[in-house]
Amino acid sequence: MAESGSEKRQRKVKRTVRLTTLEDALLCAYADHAGLTIASYLRHSALHMPPPRTAHRPTVNHQLAVRLLAEIAQLNTAFRDAVARAEGVDPQAVETAIRDQSELRLVLLESMGLAP
């Protein structure tokens, strides 16, 4: 029978570390900011080893930007539907609102390193 992933691991030694609440919060924040798991961040910072390519994960800011982008898309759809059903809406105000939403979307895409 084939070995499971955990049985094939090269890293067999496990270390336990005690941290204060503040130290743990800082460690989590630094690892999140670097886009690494805590274990990868510790190896990278303490042993000056390059992080494995697969260890990179989206930072918290990136995840929040993606979530905000999705919310803006939903708001944009709801806004356009409401304007289509409304009467007597100022076209200039509608155009300004749509332009503002577009600018917000562009800023979020640029913050994630993506092209529109």
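The table that follows gives values for the structure above.
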quantity: Condition met for Ser102 (of a type outside the set (A, V, I, L, M), modelled with pLDDT of 85 or more, in a helix (DSSP H, G or I) and closer than 30 Å to Lys14 by Cα); calculated: no
quantity: Selection count, segment 28-64, where residues are crowded, with 16+ Cβ neighbours inside 10 Å, in a helix (DSSP H, G or I) and modelled with pLDDT of 75 or more; calculated: 8
quantity: Pair list, Cβ < 6 Å and 6+ apart or interchain, from segment 90-115 residues that are assigned by TED's automatic domain parsing to the domain that holds Glu71 to residues that are exposed (fewer than 14 other Cβ atoms within 10 Å of the Cβ) and not in a loop (DSSP other than H, G, I, E, B); calculated: none
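The values are calculated or read from the model by the stated rules, or taken from the named source; none is laboratory data. All figures in this text were calculated on a predicted structure; none of them were measured in a lab. Ideal geometry is used to build each Cβ from the backbone, glycine not excepted, and the neighbour counts take in all protein chains shown.
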